[in-house]
Amino acid sequence: MPLPLALRPATLETAPQTPRTWRGTAVKDQDSDFASLYAAEFTAVSRTVFLILHDRQRAEDITQDAFIQLYSHWGRVSRYDRPGAWVRRVAIRLAVRHQNRERIRAVIERTAEPPAVPQPADVDLLRSMRQLPPAYRAALVLHYYEDWPVAEVASVLGWTVPATKVKLLRARRRLGGLLQEEVGEDVG
């Protein structure tokens with residue numbers, strides 16, 4: 001059975017006419033050398049990755065990622081005899097890693113318990129929280145919802161413990177005002 005057109009090697013008529021040497025010296029030459037290599041190798045590398053993954057879109061994405069890595073290492077790789085082999089090797093490694101992640105993800109999805117049903121949200125509380133500055137929201141969520149001690153909240157937010165206590169108190173007062181409720185002075 002013949003290969004589908006997309007999987008056939010490029011013929012002389014369809015292959016871009018590019019030089020087989022990739023060793024430019026000037027930056028402009030290096031960019032044009034990279035562009036020539038990209039034009040010459042992208043289809044073949046993408047086809048190789050497709051044959052590993054059997055997903056055309058993912059194969060093209062991974063091939064693009066491999067060429068991005070090639071471009072970031074172009075100064076060194078352009079001096080290799082076959083920089084196309086380097087990018088192909090990178091693409092194959094990326095494809096294999098992707099395949100392994102997908103296999104692990106499938107196992108986790110099969111064995112994971114369904115998530116717990118969340119408690120009904122207090123709509124007024126959520127609306128009021130959105131009106132607070134982000135730093136106050138973060139402090140309130142970490143301390144009251146996540147049940148973190150004040151010292152840990154201070155560490156994560158980059159504040160001192162006394163400053164954290166003051167900000168928690170101010171945030172509670174402001175939230176209490178928005179909810180039209182009384183707020184105590186105790187910040188644990």
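A quick yes/no check of all residues on (1) within 20 Å of L51 (Cβ to Cβ); (2) over 26 Å from the mean Cα position of the chain (by Cα); (3) in the same structural domain as I52 (by TED's automatic domain parsing); (4) of a type in the set (A, V, I, L, M, F, W, C):
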site	(1), (2), (3), (4)
H73	no, no, yes, no
V77	no, no, yes, yes
W86	yes, no, yes, yes
R89	yes, no, yes, no
I92	yes, no, yes, yes
Q99	yes, no, yes, no
R105	no, no, yes, no
R127	no, yes, no, no
| Identity of the residue in the range 59-91, among the small types (G, A, S) and surrounded by fewer than 16 Cβ atoms within 10 Å (Cβ to Cβ), that ends up farthest from A35 (Cα to Cα) | A85
| For the range 28-60, how many residues meet the condition of being more than 13 Å from L70 (Cα to Cα) and of a type in the set (D, E)? | 3
| Tell me, which helices (runs of 4 or more DSSP H) wholly within the range 75-148 include 3 or more residues that are closer than 30 Å to Q57 by Cβ? | 83-111
| Does R105 fit the bill of being under 30 Å from Y145 (Cα atoms) and either of a type in the set (K, R) or in contact with a strand residue (DSSP E or B) (Cβ under 8 Å, 6 or more places away or on another chain) (or both)? | yes
| field | Residue under evaluation V183, criteria (1) surrounded by 11 or more Cβ atoms within 10 Å (Cβ to Cβ); (2) outside any loop (DSSP other than H, G, I, E, B), criterion not met | value | (2)
| Qualifying residues in the range 129-180 (those that are touching a His at 6+ places or on another chain (Cβ under 9 Å) and among the β-branched types (V, I, T)) - the one surrounded by the fewest Cβ atoms within 10 Å (Cβ to Cβ) | V150
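Yes or no, residue by residue, for (1) aliphatic (A, V, I, L, M); (2) in contact (Cβ under 8 Å) with a residue 12 or more places away in the chain; (3) in contact with a helix residue (DSSP H, G or I) (Cβ under 8 Å, 6 or more places away or on another chain):
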| residue | (1), (2), (3) |
| --- | --- |
| D31 | no, no, no |
| Y38 | no, yes, yes |
| H54 | no, no, no |
| Q64 | no, no, no |
| R79 | no, yes, no |
| G84 | no, yes, yes |
| R89 | no, no, no |
| I92 | yes, yes, yes |
| V96 | yes, yes, yes |
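Matching residues to (1) charged (D, E, K, R); (2) at pLDDT 95 or above; (3) assigned to a helix (DSSP H, G or I):
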{"residue": "L12", "(1), (2), (3)": "no, no, no"}
{"residue": "A15", "(1), (2), (3)": "no, no, no"}
{"residue": "W22", "(1), (2), (3)": "no, no, no"}
{"residue": "S32", "(1), (2), (3)": "no, no, yes"}
{"residue": "A35", "(1), (2), (3)": "no, no, yes"}
{"residue": "D65", "(1), (2), (3)": "yes, yes, yes"}
| note | Note on the range 64-114: residues farther than 16 Å from A40 by Cβ and among the acidic types (D, E) are D65, E102, E109, E113
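The values are calculated or read from the model by the stated rules, or taken from the named source; none is laboratory data. Predicted model, so just to flag it, every value in this text is computed and none were measured. Every residue, glycine among them, receives a Cβ derived from its backbone with ideal geometry; neighbour counts consider all protein chains shown.
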